[in-house]
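Just below is one structure, and these are the notes that go with it.
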Amino acid sequence: MDSAGTRRRSDVSRDPSGEPQRTPGRVYLVGAGPGDPELLTRKAERVLREADVILHDRLVSPEILALAGPGPERIYAGKQCGDHHVPQGRTEELLIRYARQGLTVVRLKGGDPFIFGRGGEEQDALRAAGIPCEVVPGVTAALGCAAATGIPLTHRDHSRSVLFLTGHDREGRSPDDWAALTKADRTLVVYMGLGPLAGFCDGLRRHGLPDDWPVAVIAEGTTSKQQVVRGTLRDIADRAARAGLPSPALTLIGRVVDAADDTTLAATAAGTAVLTE
């Protein structure tokens with residue numbers, strides 16, 4: 001064990017000079033899913049139990065972390081809007097440092113590592129450092145929240161395609177390809193879009209979508225704290241603000257919102273608040 005009490009599992013050998021050479025560890029980029037612990041994959045659960053170190057995000061629930069058991073060291077590497085508790089570069093440095101100690105390292109992220117989870121950046125950093133890396137996919141928020149609210153992302157009568165996007169890019173800019181966003185037969189799924197929601201909806205209206213186009217905003221989806229606000233491009237920002245939804249929230253835009261199974265929407269986990277005024 002090292003000074004922090006972390007287990008070391010890799011074999012130690014010696015080079016011709018007699019200096020110890022530790023076999024490099026391995027890093028797993030693991031998707032924790034949208035929140036409900038039962039949506040975690042079996043492989044993700046196995047990898048958690050094999051970990052020596054877990055670097056986890058803010059959105060990973062205590063119930064999911066508990067599946068790892070008492071052994072692994074846990075390091076919070078969370079971020080939220082305006083507060084990068086651990087900068088991305090520092091997270092990548094930690095992954096490399098622990099792996100070079102011969103440890104099995106799990107980078108545990110909400111949703112899926114490759115859907116707006118910076119998994120690609122971390123994979124690049126690990127590859128450049130010569131660290132073995134494996135991605136364990138997770139149920140991304142779009143799929144989990146759609147299922148939990150009975151909103152079909154595609155529907156032969158309403159939507160032939162789905163587009164995942166963020167409310168703004170890393171410089172805070174809004175989308176510029178409005179033609180791609182205003183197709184009537186397309187569902188838009190906007191990640192991390194609660195802050196710029198009003199401006200984004202105004203942009204869609206200016207570029208051709210009607211004021212009464214259906215919208216749903218989902219916070220803490222798939223969990224017992226799930227909240228859903230439904231409205232239109234004209235009023236959804238005001239409704240979401242009045243509801244005081246926590247960030248991040250997922251926004252679904254398109255005719256499929258009106259195709260929701262209202263029975264599912266009303267019968268989600270205990271404690272759910274469904275706001276459709």
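Across region 98-122, what is the number of residues that are open to solvent by 10 Å² or more (accessible area, probe 1.4 Å), assigned to a helix (DSSP H, G or I) and under 19 Å from GLY71 (Cα atoms)?
1
For GLY89, are the conditions met, namely being under 19 Å from the mean Cα position of the chain (by Cα), open to solvent by less than 30 Å² (accessible area, probe 1.4 Å), at pLDDT below 95 and of a type outside the set (A, V, I, L, M, F, W, C)?
no
So, of the residues in region 32-47 that are touching a Gly at 6+ places or on another chain (Cβ under 6 Å) and more than 18 Å from GLY69 (Cα to Cα), which turns out to be least open to solvent (accessible area, probe 1.4 Å)?
Going through the qualifying residues, I end up with GLY33.
Could you count how many residues in region 130-148 are closer than 18 Å to ARG49 by Cα and crowded, with 21+ Cβ neighbours inside 10 Å?
Qualifying residue count for the region: 2.
Just one of the numbered conditions (1) open to solvent by 20 Å² or more (accessible area, probe 1.4 Å); (2) closer than 20 Å to GLU220 by Cβ; (3) modelled with pLDDT of 95 or more is not true of ARG26; which one?
The failed condition is (2).
Looking only at region 135-149, which residues are assigned to a helix (DSSP H, G or I) and not β-branched (Val, Ile, Thr)?
ALA141, ALA142, LEU143, GLY144, CYS145, ALA146, ALA147, ALA148, listed by residue number.
Those residues that are assigned to a helix (DSSP H, G or I), within 15 Å of PRO196 (Cα to Cα) and open to solvent by 20 Å² or more (accessible area, probe 1.4 Å), I need them from region 223-262; list them, please.
ALA237, ASP238, ARG239, ALA241
Which of the following residues is surrounded by 16 or more Cβ atoms within 10 Å (Cβ to Cβ) and not aliphatic (A, V, I, L, M): ARG206, ARG127, ARG186, ARG160?
ARG186
Among (1) within 18 Å of the chain's Cα centre (by Cα); (2) closer than 22 Å to ALA141 by Cα; (3) in a helix (DSSP H, G or I), there is one condition ILE54 misses while meeting the rest; what is its number?
(3)
If the requirement is being touching a residue at least 40 places away in the same chain (Cβ under 8 Å) and either aromatic (Phe, Trp, Tyr) or under 18 Å from HIS158 (Cβ atoms) (or both), which of these qualifies: GLY195, GLY208, GLY254?
GLY254
The values are calculated or read from the model by the stated rules, or taken from the named source; none is laboratory data. Since this is a predicted model, take the numbers as computed values, not measurements. Here Cβ is always computed from backbone atoms with ideal geometry, including for glycine, and neighbour counts include all displayed protein chains. Heads up: the accessible areas ignore ligands, DNA and RNA and are worked out on the full protein's heavy atoms, side chains in. Shrake-Rupley method; radii C 1.70, N 1.55, O 1.52, S 1.80 Å.
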